[in-house]
Amino acid sequence: PFRAERIRAQLEGLLADAPVTATRLGEVLADDRQVAGGALLDLVAALVDLTGDAAELRARLLAWDRRMAPDSMEAALFAAVRASLVEAFATTPALADADGSPHGELFGPWFDLRGRIRLALPTLLAADKPFGVDPLQAVAAALEQVATEPDPPPWGDRHFAVPLTPHQQFGLAAPAGASAPPTAVAGDDDCVLATRALGGTGACVHGPVARYVWDLAGDSRWVVPLGASGDPRSPHHHDQQAAWAAGGTVPLDRETEERP
């Protein structure tokens, strides 16, 4: 519901500020505001007795614009606090046997316990000691833990796409020029720009497979991972990767060949 509500609010804002263009609609698809983090940040705000580094971390998170942008230090700090909080739930005895896929490694991302807990955090944090965990105490402990650690690198250094060729999937070296380099990716689980790495950081396993904005009376826009061609010799093999990773779109070529 968080993404739907955010999209609705963005569209209403656009409609109130006409004209609406394909470019501006494409920006809605690229929205990287962390809309599900409110429950966690509300508990952070409730911790008014913190001191020292933990109090400083609390202030940084509350002043954060909530954008999961690749260059954001606060986004990385938020993710670190969230990961520590998720670990508090994942290591409870009640969930001891809940991790792992019953259908093999292929479906592992869908059965990843910590990923499921991350998505359920708004509900868990509103409950009364779910699985025996006191939410406010767990958030305080997470803040204290992260505050003792060095600042993480910016979000994009810990949240990225790693394109793999068929060769690399079988442990072989990719032919020269056949693979795009790893690219920092904006967004997060519950952003409109929904991207996800197992464990919350690292190589993303989920993300948009395409973004389209159709304008029947004007210029449409689109973007796909890598590019429009599957041939590594083509200049369009991975020429859209940077725009895709940044949440952008590119003009759609409307030219068509004449057919007899």
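The values are calculated or read from the model by the stated rules, or taken from the named source; none is laboratory data. Computed from a prediction, not measured in an experiment: that's the story for all the values here. Cβ atoms come from the backbone with ideal geometry, glycine included; neighbour counts cover every protein chain shown.
Just a few scattered comments:
- Matching residues, the stretch 195-214, being modelled with pLDDT of 85 or more, among the aliphatic types (A, V, I, L, M) and in contact with a Leu (Cβ under 9 Å, 6 or more places away or on another chain): Val213
Each row is one residue, and each column tells you yes or no for (1) aromatic (Phe, Trp, Tyr); (2) free of Cβ contacts under 8 Å to residues at least 40 places away in the same chain; (3) over 17 Å from Ala88 (Cα atoms).
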| position | (1), (2), (3) |
| --- | --- |
| Ala141 | no, no, no |
| Pro152 | no, no, yes |
| Pro181 | no, yes, yes |
| Thr195 | no, yes, yes |
| His206 | no, no, yes |
| Gly227 | no, yes, yes |
| Gly230 | no, yes, yes |
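- Counted residues, the stretch 185-205 - those being in contact with a helix residue (DSSP H, G or I) (Cβ under 6 Å, 6 or more places away or on another chain), closer than 11 Å to Gly247 by Cα and not β-branched (Val, Ile, Thr): 0
- Candidates Arg82, Arg58, Arg66, filtered to the one that is in contact with a Leu (Cβ under 9 Å, 6 or more places away or on another chain), surrounded by 15 or more Cβ atoms within 10 Å (Cβ to Cβ) and on the phi > 0 side of the Ramachandran plot: Arg66
- Meets criteria (closer than 24 Å to Pro130 by Cα, among the acidic types (Asp, Glu), in a loop (DSSP other than H, G, I, E, B) and in contact with a helix residue (DSSP H, G or I) (Cβ under 7 Å, 6 or more places away or on another chain)) for Asp99: yes
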